[in-house]
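J.: Sharing a structure here in structure tokens format.
The values are calculated or read from the model by the stated rules, or taken from the named source; none is laboratory data. Since the structure is predicted, the reported quantities are computational estimates derived from the model, not experimental observations. Neighbour counts run over all protein chains shown; Cβ positions are idealised from the backbone, glycine included. We work out accessible area using only protein heavy atoms, side chains counted, and drop any ligands, DNA or RNA first. Shrake-Rupley method; radii C 1.70, N 1.55, O 1.52, S 1.80 Å.
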Amino acid sequence: MRRRDRFQGKLIWYYLLFYSAARFGIEYFRGDPRGFLIPGYLSVSQAIGIPAFLIAIYMLLRKK
């Protein structure tokens, strides 16, 4: 990241963005039955990942 494009906390928001997207994908392809929020469709990890992803996008756009 360029020094002029930084703001305090930018790196953590990027981490949350990419981690939540990766976690959602991993849980999608996972074969073993885990806890489901919506049976057969949405696991608990995916349900947590969606708001985390949206919050990270909001915070990154807000700081620009």
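J.: Do we have any residue at all in segment 5-22 that's surrounded by 12 or more Cβ atoms within 10 Å (Cβ to Cβ), free of Cβ contacts under 8 Å to residues at least 60 places away in the same chain and touching a strand residue (DSSP E or B) at 6+ places or on another chain (Cβ under 6 Å)?
T.: Within segment 5-22, none of the residues are surrounded by 12 or more Cβ atoms within 10 Å (Cβ to Cβ), free of Cβ contacts under 8 Å to residues at least 60 places away in the same chain and touching a strand residue (DSSP E or B) at 6+ places or on another chain (Cβ under 6 Å).
J.: Does Y58 qualify as being at pLDDT 90 or above and on the phi < 0 side of the Ramachandran plot?
T.: Details: at pLDDT 90 or above: yes; on the phi < 0 side of the Ramachandran plot: yes.
So Y58 fits the description; yes.
J.: Now, a different point. Considering (1) open to solvent by less than 70 Å² (accessible area, probe 1.4 Å); (2) assigned to a helix (DSSP H, G or I); (3) at pLDDT below 90, say which one Y28 fails and leave the rest.
T.: Result: Y28 fails condition (1) only.
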